[in-house]
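What follows is a single structure, written as structure tokens, with notes after it.
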Amino acid sequence: MSTQERDYLFMMFVEIVDFAKLRELLPKHLAWLTRKVEDGRIVVTGGLSEEDGSEGNRALAILRASSLQAAQELVVDDPFFVEGVCRLTFRQYTPRMHAETFGRIFAGEQSKAISPRVIQGTAGRLNDG
């Protein structure tokens, strides 16, 4: 990537459509996924549960890429994509506000860093005052 290009974030919504092939290809997919996370192209990824907490057939990944086309090209060698295990939908994501720790991952020009205020070190409980 040239110094002129800028990375953007893209949400990749995944719908699993073939669970038999998923089980067969999972080791190859996980090896592919690990390489993409290690090279920084995939920021975070994981499964999405159903509203009742049960395992669903969807996943989500946040990708770094210079364009929508570049984001789509990241998956052309994913065994799940190649073998039709899933359907993918991509959307560009523009953060407007983020926790300071997220800024170390991707400091967007239009996103304001926010420091969480925690009571007695308890995550998830914000100090109102």
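Read-outs: derived from the displayed coordinates by stated rules, not from any lab. These numbers come from a predicted model, not from an experiment. Please note: Cβ atoms are built from the backbone with ideal geometry, for glycine as well, and neighbour counts cover all protein chains shown.
Stokes-Einstein diffusion coefficient for segment 1-93 at 4 °C in a medium of 1.567 mPa s, Rh from the Kirkwood formula over Cα pairs: what value in µm²/s?
On the way: Rh = 13.8 Å.
The Stokes-Einstein estimate is 94 µm²/s.
Fewest to most neighbouring Cβ within 10 Å: what's the order for S66, S49, S54? Intermediate values should be presented prior to the final figure.
Working: S66 14, S49 11, S54 7.
Going from sparsest to densest Cβ surroundings: S54, S49, S66.
Sorting R87, R6 on the 10 Å Cβ count, fewest up front, what's the list?
Numbers: R87 12, R6 9.
Result, fewest neighbours first: R6, R87.
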